[in-house]
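Input: a single structure, listed below in structure tokens.
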Amino acid sequence: MFLYGIAWSFWVPYAAAMFSIFYVFAHPCMRSIVSKQVGPSEQGKAQGCISGICSLANVISPIAFSPLTALFLSEKAPFNFPGFSLICVGFAAMIAFMQSVMIRAAPPLSSRRVSESCNHTEP
């Protein structure tokens with residue numbers, strides 16, 4: 001996103017697009033990590049929560065960044081920087097990445113404990 005925002009030549013967005021291929025790995029990796037942290041009976045809740053957060057972000061981000069883009073592409077821009085909204089998106093993504101790196105992973109649930117708790121019946 002930073003390269004898109006400060007593109008100084010016509011070829012820079014094309015070169016930056018090569019890095020976006022790694023973006024396709026983000027959602028499967030996130031879902032896999034979450035899947036390993038919850039029990040088998042909680043998979044639907046965990047995956048539904050992730051889908052809800054992603055859907056909310058898909059609704060909120062255009063509401064926030066479209067007016068910012070329109071402002072900086074207009075003649076009333078506070079300063080001349082047409083890629084400013086892209087830089088803001090890049091900073092938001094970097095903040096989210098830094099927060100995700102700081103999350104401590106909980107130890108994975110043992111399948112033995114889960115199966116014992118599911119099969120346990122009281123007299």
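Remark: Leu56 matches the filter, which requires a residue to be within 15 Å of the chain's Cα centre (by Cα), surrounded by 10 or more Cβ atoms within 10 Å (Cβ to Cβ) and among the hydrophobic types (A, V, I, L, M, F, W, C). Screening the range 26-46 for residues that are within 16 Å of the chain's Cα centre (by Cα) and among the β-branched types (Val, Ile, Thr) and picking the one that is surrounded by the fewest Cβ atoms within 10 Å (Cβ to Cβ) gives Ile33. With respect to (1) among the hydrophobic types (A, V, I, L, M, F, W, C); (2) over 22 Å from Phe91 (Cβ atoms); (3) not in a helix (DSSP H, G or I), the lone exception for Ala7 is condition (2).
Here, each number is a calculation from the coordinates, and none is a lab measurement. What you see is a predicted model, and the numbers here were worked out from it, not measured in a lab. Heads up, the Cβs are rebuilt from the backbone with ideal geometry, glycines too, and the neighbour counts pull from every protein chain shown.
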